[in-house]
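Novice: Have a look at the structure that comes next, please.
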Amino acid sequence: METKANYVAVGAFVLALVLGLVIALLWLTGAEYAQEYAYYQTFFSDSVSGLGQGTSVRYNGIEVGRVAKLNFDADDPKRVQVLMQIDPRLKIHSDSVASIASQGLTGGSYVEIDGGSKAAPVLEPKVWGEYPTIKSKPSTLQQLAQSAPLLVAKLNQIADKLGDLLNDKNRKAIADVLFNLRTTTGVLSSRSKDIDTTLHNFSLASDKLNTDLSALHGTLGNADQALGSIKTAASGIGRLANNADASISSAQVGQLSTDIRNLVNNLSRLSKQLQGQPTQLLFGDRREGYTPK
């Protein structure tokens, strides 16, 4: 019984030691794991084909982590939860956006995170509870797939319009236009010498016109000079007329003065005669002279 008790004690001690070692390893691994990565999640409503555990996660084109797990969203089965392990030193802002990108046409897919603005708050990773969520957007291929029906519809409309434009009537009209154009080109080709001659004559006429314009400019300059001379002569004539008017006025004033003096003299003589012999002035001289018998 004593031997069995020793075996039980030894077994219990070894079991406790192994259990403690496992717990220590798990704790060390968890601590290292928690320090090595920060966890974030994002949700995609479209297909996540090409993504899987270990898929690369990039931030502005630089690899910063891996995809840890893919799950269906419990609230919306159409959405897929992507849990990501990201370098804890990286600061991811709240306006950052995640999308599924592809390495070329035949390359694998990865999660691309576009950096947000500096002013936006930073998403803080949590040790327990819900992981911080990064917003998502459809990939370029998904956007093309979504817009493909509209693009096809527009292409069909364009094709219908082109079909209407290129009906038999319009094709005949286009053929007639091309025929007329070819005929016109032939006529121009046959009359190329005449066209060259016309262009040469036009060039000569342009040169002559330039010469005539130069001569006209000279004539206009001479006309300006002549107008200046005429203005000068007119000014001289005006001054001469003014002088003549002044001279005429002086002569008239002198003659008037002479007439006034003569009038005054005559009035003086008349006054003297009235004083000396008033009757003689009124009745004349009635004295008879000697008449021989």
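The values are calculated or read from the model by the stated rules, or taken from the named source; none is laboratory data. Owing to the predicted nature of the structure, the values given are computational and were not obtained by experimental measurement. Neighbour counts run over all protein chains shown; Cβ positions are idealised from the backbone, glycine included. In case anyone asks, the SASA skips ligands and DNA or RNA and just uses the protein heavy atoms, side chains included. Shrake-Rupley method; radii C 1.70, N 1.55, O 1.52, S 1.80 Å.
Novice: In the list Gly65, Gly54, Gly50, Gly107, which residue meets the criterion of being over 38 Å from the mean Cα position of the chain (by Cα) and open to solvent by 40 Å² or more (accessible area, probe 1.4 Å)?
Specialist: Matching residue, one of Gly65, Gly54, Gly50, Gly107: Gly50.
Novice: Out of Pro88, Pro125, I need the residue that is open to solvent by 30 Å² or more (accessible area, probe 1.4 Å), in contact (Cβ under 8 Å) with a residue 60 or more places away in the chain and either part of a loop (DSSP other than H, G, I, E, B) or out of contact with any Pro (no Cβ under 8 Å at 6 or more places or on another chain) (or both). Which one?
Specialist: Pro125
Here's the yes/no breakdown for (1) more than 22 Å from Ser109 (Cα to Cα); (2) among the charged types (D, E, K, R); (3) modelled with pLDDT of 80 or more; (4) surrounded by fewer than 11 Cβ atoms within 10 Å (Cβ to Cβ):
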| site | (1), (2), (3), (4) |
| --- | --- |
| Thr3 | yes, no, no, yes |
| Gln41 | no, no, yes, no |
| Lys69 | no, yes, yes, no |
| Arg79 | no, yes, yes, no |
| Leu83 | no, no, yes, no |
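Novice: Every residue in the range 93-117 that is within 12 Å of Asn60 (Cβ to Cβ), in a loop (DSSP other than H, G, I, E, B) and modelled with pLDDT of 90 or more, please.
Specialist: Ser96
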